[in-house]
Amino acid sequence: MRYLLRRAAHLVAVLFAVSFITFISMNLLGDPLKSILGPLYADKQVREEARAELHLEGSVPERYVEWVADAVQGDFGRSYNTRETVSAVIGERLPVSLMLMVYAQVLALLIAVPVAVAAAYRADRAFDRMSTAASFVFISVPGFASAVIFLYAFAVRNDLFPARYLDDSFFDRLYSMFLPALALALPLGAVYMRVLRNDMVNTLQEDFVMFARSKGISTFRILTRHALRPSSISLMTVVGIQIGALLAGALVVETIFSIPGLGMQIVRSILQNDYVVIQAVVLVLAVTYVVVNFFVDALHGVLDPRIRAARAL
Amino acid sequence: MQLAPSELVDTLDAPVRRRLGFAFWLAVAWIVLVIGLAVLAPVLRLADPDKILHGQPGEGLLSGRNWLGTDDAGRDLLSRTIWGSRVSLLIGFASVAIGFVVGGLTGMIAGYRRGWLERIVVGAYDVMLAFPSLVLALLLLTFLGRDLGIVLLVIGVLSIAPIGRLARANTVAIASREFVLAARALGATAARTMRREILPNVVFALGGLALLGSAIAIIAEGGLAYLGLSVKDPTLTWGKLISSGSSGSILRDYPLAAFVPIMHLLLTVFSVNFIGDRLRQHFQTREGLSAG
């Protein structure tokens, strides 16, 4: 409990730092209105109206407090270019990006867990060596490279998969997101496979596995029921650590398959100098990331009684 | 003299493990080749990378003057890829050098001095690591502009925290060893102890991590290019070549425009990772031997 409180205090401090850095970055531009308005900046009336609308009056601490207070209530202002509210834009795009990330995460685990278990079961044999070598290759291939290769091989050269996003039904979404999700899942799965395989090899040498075996429990059941759970602690940590890389990959791969998530929105906002939107997207992504990592950390204790016990001391 | 079974295994295995292997030298050769071509690009009499209709649009591999074919505007892909490699490799190596120097120094000082200084430095690392790296890059590049120097600096800043963390952790571990204590007992200043006793013991681990960081930086530039955040035009980079070549219609009709730079990027990243991995194993073995 004390541990959780300390983590929570840390969480609050990091959230403050992250939001402040995001906020203050707008001031790096000098007068941000200059870039937002372009040639219109010369017109004093337009300039002052825009300044009022974008809440750019007052001292920096005042504006920060106001900005955070609005953001907490889901009010990020309006895009100065399209007049849409920023929260509406994020509300429309964030779920698409999240779905791609969850999809990739599921595929990565679906690939990594069986391969790792099989490799650990016969450690140092042919399959283990092959999968370890393959994982080394896949770790080095960034998501955007495999995405382009998949797009060309399975969508452009023939019609196995669509080259763009289909939105009509849940099945359509799964189908059209398969290639990008797979491209993201390969490097991710390669990392997971390595971590799980190493832990699993160690677990299989423990006494309780020997005991289960001597009781006559089948190999399959020992692997899946007895050995997998205690071996999955580091995997959980790594899943948490990799969320940042997955997020970055997802934003990039979206643009290759024209999936209308936050990545595509970032491209558009940067082209239009739509700083209000970019600032809000950065804040949402950073806060989500920080909070998710906090929960992954807390989940550790639930998964592993030993950690819970150690923390209670 | 009788050998215990474990020692026997060691003597049998050791010579095999101490070799770096053919694949290692192949990877080194590739890196030397790309760096050499990048450095020599101005004197190599390459085709002008921006010259439209240097050949017919969409020439294949090994077609006349254009060895690696041409893109949708008939520009020479070999030349474009080599000119692009100059910036991509610079980002890969120079930006991580920033992280290596700044992260290594701050991490070592924090780990050696401890106390409030350590808490501030570690706190700063924590905040930097709290942002997903692409999101922090997105923020900085949007608001600082996209000149080459700034892209270099931003990717460099991103590599400070991971390298610094390792530097601090290793310094803390080594600072408590007897030889460091001996140096301090003999009256060595803090700066001298860090330079002569601690630095030689942490520098290889940091170098290995920095090499990995180079591969990540090259990939990061590629990712940023897709979001429109790489170095601004007219500078060529691998990321910009790949992202402009991977839009639907160009990929269909002129696939080489994306695949030539992709292959260069993959081979380079793979070689750097492989070299880093092998060197790590190599030094671990040596350490194990000298300790035993």
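The values are calculated or read from the model by the stated rules, or taken from the named source; none is laboratory data. Note that the structure is a prediction, hence the values are computed from the model and not measured. Note: ideal-geometry Cβ built from the backbone for every residue, glycine included; neighbour counts use all protein chains shown. Side chains are part of the model used for accessible areas, which takes the heavy atoms of the whole protein and leaves out ligands, DNA and RNA. Shrake-Rupley method; radii C 1.70, N 1.55, O 1.52, S 1.80 Å.
Structure notes:
- In chain A, taking the dipole from charged Cβ atoms about the Cα centre, the farthest positive-side position among A:Tyr275, A:Pro142, A:Ile36 is held by A:Pro142.
- Spin-label pair A:Gln205/B:Val28, simplified geometry with 7 Å Cα→Cβ offset, distance in nm: 3.3
- A:Met236, A:Met101, ranked by accessible area, largest first (probe 1.4 Å): A:Met236, A:Met101
- Whether the protein assembly as shown is rounded, prolate or oblate, judged on the alpha carbon gyration tensor where a/c under 1.5 counts as rounded: rounded
- Take each residue in A:285-294, count the other chain C-beta atoms within 10 Å of its C-beta, and the mean is 3.
- Three-way shape call for segment B:222-287 based on the alpha-carbon gyration tensor, with the a/c threshold at 1.5: prolate
- Were the residues from B:Ala173 through B:Ala97 laid out at 0.36 nm apart, the gain over their Cα-Cα distance would be 25.0 nm.
- Segment B:59-156 shape via C-alpha gyration tensor axes, a/c threshold 1.5: prolate
- Where B:His54, A:His226 fall by accessible area, highest first, once all protein chains stay in place (1.4 Å): A:His226, B:His54
- Furthest towards positive pole of dipole, A:Gln265, A:Leu107, A:Ile21, structure part chain A, Cβ charges: A:Leu107
- Projecting the Cα positions of A:Asn81, A:Leu247, B:Gly213 onto the charge dipole of the protein assembly as shown (unit charges on Cβ atoms of Lys, Arg, Asp and Glu, taken about the Cα centre) puts B:Gly213 furthest along the positive direction.
- The charge dipole of segment B:23-291, taken about the Cα centre with unit charges on the Cβ atoms of Lys, Arg (+1) and Asp, Glu (-1), comes to about 920 debye, rounded to the nearest 20.
- Lysines whose Cα lies under 17 Å from that of A:Lys34, excluding same-chain neighbours fewer than 8 positions away: A:Lys44
- Distance between the modelled labels on B:Thr189 and A:Asn158, one decimal in nanometres: 7.1 nm (7 Å Cα→Cβ projection).
- Distance between the C-alpha centres of segment B:31-73 and segment A:82-101: 41 Å, rounded to the whole angstrom.
- The H on the amide N of A:Ala123, modeled in the peptide plane, is under 5 Å from the matching H of no residue at least 5 residues off or on a different chain.
- Residues of segment A:244-258 that bury at least 50 Å² of accessible area when the other protein chains are present, relative to the chain alone (probe 1.4 Å, heavy atoms, ligands and nucleic acids excluded): A:Val252.
- Close amide H partners of B:Ser63, meaning residues 5 or more places away or on another chain with modelled amide H under 5 Å apart, are B:Gly69.
- Estimated buried accessible area (total), pair A and B, 1.4 Å, Å² to nearest 100: 3400
- Solvent-accessible surface of chain B, taken per residue with a 1.4 Å probe and all protein chains present: 50 Å².
- B:Met263-A:Glu57 FRET efficiency (beta carbon distance; Förster radius 51 Å; 0.05 resolution): 0.45
- Assigned charges on the beta-carbon of Lys, Arg, Asp, Glu; the protein assembly as shown dipole about Cα centre (debye): 1960
- What you get for chain A, charging only the Cβ of Lys and Arg (+1) and of Asp and Glu (-1), is a dipole of about 1520 debye around the Cα centre.
- Taking every residue in B:270-276 and counting other chain Cβ atoms within 10 Å of its Cβ, the average works out to 2.
- Separation between Cα centres of segment A:119-194 and segment A:1-22, rounded to whole Å: 35
- Apportionment of accessible area to carbon and sulfur, segment A:1-146, percent (1.4 Å): 65
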